[in-house]
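> Below is a structure I'd like to ask you about.
The values are calculated or read from the model by the stated rules, or taken from the named source; none is laboratory data. From a predicted model like this one, the values you see are computed outputs, not experimental measurements. Heads up, the Cβs are rebuilt from the backbone with ideal geometry, glycines too, and the neighbour counts pull from every protein chain shown. Each accessible area value is taken on the protein alone, full model and side chains, heavy atoms only, with ligands, DNA and RNA left out. Shrake-Rupley method; radii C 1.70, N 1.55, O 1.52, S 1.80 Å.
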Amino acid sequence: MILVTEKVTEMELLTIQEHPALQQAVSARELHEFLSGGERFSKWFERMVSYGFQINADYVGCTRWYAPANQELQDFFVSID
């Protein structure tokens, strides 16, 4: 009998970050890109907030530098709880 083992390579889907206000959170822009990159981020996030998410409880605002466009972009940390 031959035993074959497979090495499973971990693939990172989303980066989980520690955030003081939310504990564990993900970037809303990364989540948007992962789930539905076709819709404009601002429209998508407005729709997500309309489902009842509360600022400082479920998400907090931040900015991040986007080098290709040489500008800061609005982003949000979204709680994974």
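Yes/no matrix, rows are residues, columns are (1) at pLDDT 85 or above; (2) under 12 Å from the mean Cα position of the chain (by Cα); (3) open to solvent by 80 Å² or more (accessible area, probe 1.4 Å); (4) on the phi < 0 side of the Ramachandran plot:
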site	(1), (2), (3), (4)
THR5	no, no, yes, yes
MET11	no, no, yes, yes
LEU31	yes, yes, no, yes
ARG47	yes, no, yes, yes
ALA67	yes, no, no, yes
ASP75	yes, yes, no, yes
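> Could you please tell me which pairs satisfy a Cβ distance under 8 Å, a separation of 6+ or placement on different chains, a first residue in the stretch 14-25 that is under 10 Å from TYR59 (Cβ atoms) and open to solvent by 50 Å² or more (accessible area, probe 1.4 Å), and a second residue that is part of a loop (DSSP other than H, G, I, E, B) and not charged (D, E, K, R)?
ALA21/ASN56
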